[in-house]
Amino acid sequence: MFSLWIPVSSLLVAMALWSSSFIALKMAFVHYDPMVVIFGRMFVAAVCFMFFLKAVMRFEYRSGDWRLLLLMVASEPCLYFLFEAHALQNTSATQAGMITALAPLLVAMGALIFLAERLHKMAWVGFAVAVIGAVWLSMAGDVSESAPNPLWGNFLEFCAMVCATCYTLCLKHLSTRYSTWFLTAMQAFCGTIFFAPFLFLPSTQLPTQVVPEGIWPIVYLGTLINIGAYGLFNFGVSRINAGQASAFINLIPVFTLGLAFWLLGEQRLNGQQLIASLLVLGGVLLSQWQPRKSKKDKVASFA
């Protein structure tokens, strides 16, 4: 039981940090072009990993792994951040957080198909309850001026969730022979290389001055999100089923809603949203349901 709480605690902290990333991105986008922000966070993370390069370079490469590694980093951070950056220009941080409720179901179905992970019926009930709560949470919100084109923005956020699903499945498969921090560092280095050319596009507005209000969110994203949140999430996925780990993503709308109101003043938590938040929390708890082993199973496991 104690060993289970270690990855669970890691996932909880990762979700809280990830929720704050929506807020940090919105704050950074006020001062800098989205491509500058995305490249900046990748570069900050890569520089930090350079100081611990020997410690993270531990892996057991197998022939053909390059395909999965390439698919993993292409899905996230590359395509994922492209979709998310443009999504947050069209929808609010709160609504973007709600779309993430679809990710656990996508991951659970993908894990069932590609990883042969089977979950208890109560876990699937938990997924359904959490998704209902997240959708209700979104519908109970008020119209916000920070969402000029929410339909398009929410669609782009959904595309980001598809990329996140592909990333999680690849990560789960690779985590058996690659360390958590190696995979996290690889994201940072590949993301830096991928986003560097975007700085030279005519549509990208390069910064002309240093604005602390824009720099600090980028540093925060590069350290506590790209290293901290992703590292903790990768660790959690490596220790428990991908489907169960992804269920924690349903907590992001709840955390995001509180942070968006506190830091951006986007929305006040009303009565319906309180009930919906409780549904999300209850659904996440149900999604972790594991049937107790019978005496025969316990004896067989020791045989």
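Annotations
- Contacts under 6 angstrom Cβ, first residue in the range 119-132 being over 14 Å from Ile249 (Cα atoms) and in contact (Cβ under 8 Å) with a residue 24 or more places away in the chain, partner open to solvent by less than 10 Å² (accessible area, probe 1.4 Å) and assigned to a helix (DSSP H, G or I), 6 or more apart: Leu119/Gly243; Ala123/Ser287
- Unmet criterion (only one of (1) within 20 Å of Gln187 (Cβ to Cβ); (2) at pLDDT 85 or above) for Ser63: (1)
- Being modelled with pLDDT of 90 or more and either under 14 Å from Leu11 (Cα atoms) or open to solvent by less than 30 Å² (accessible area, probe 1.4 Å) (or both) is a property that Gly243 lacks.
- Single condition Glu117 does not satisfy, out of (1) farther than 24 Å from His173 by Cβ; (2) open to solvent by less than 60 Å² (accessible area, probe 1.4 Å): (1)
- Of the residues making up the range 62-73, those that are touching a residue at least 60 places away in the same chain (Cβ under 8 Å) and farther than 13 Å from His173 by Cβ number 1.
- Top-ranked residue in the range 176-204 [being within 30 Å of Glu60 (Cβ to Cβ) and of a type in the set (Ser, Thr, Tyr); ranked as most open to solvent (accessible area, probe 1.4 Å)]: Thr176
- Any hit, the range 11-27, residues being of a type in the set (Lys, Arg), free of Cβ contacts under 8 Å to residues at least 40 places away in the same chain and part of a helix (DSSP H, G or I): no
- Test: residue in the range 40-52 that is open to solvent by 10 Å² or more (accessible area, probe 1.4 Å) and over 24 Å from Phe198 (Cα atoms): yes
- Among the residues here, Leu274 qualifies as out of contact with any helix residue (DSSP H, G or I) (no Cβ under 7 Å at 6 or more places or on another chain) and either part of a helix (DSSP H, G or I) or not polar (S, T, N, Q) (or both).
- Looking across Pro207, Pro217, one residue alone is open to solvent by 10 Å² or more (accessible area, probe 1.4 Å), more than 22 Å from Ala130 (Cβ to Cβ), part of a helix (DSSP H, G or I) and of a type outside the set (Phe, Trp, Tyr). It is Pro217.
- Residue that is nearest to Phe29 (Cα to Cα) [pool: residues in the range 92-109 that are open to solvent by less than 10 Å² (accessible area, probe 1.4 Å) and either modelled with pLDDT of 75 or more or in contact with a His (Cβ under 9 Å, 6 or more places away or on another chain) (or both)]: Ala103
The values are calculated or read from the model by the stated rules, or taken from the named source; none is laboratory data. This one's a predicted model, so the numbers in the text were calculated from it and none came from an experiment. Cβ sites come from the backbone with ideal geometry, for glycine too, and all protein chains shown count toward neighbours. Just so you know, the surface numbers come from the protein's heavy atoms only, side chains and all, with ligands and any DNA or RNA stripped out. Shrake-Rupley method; radii C 1.70, N 1.55, O 1.52, S 1.80 Å.
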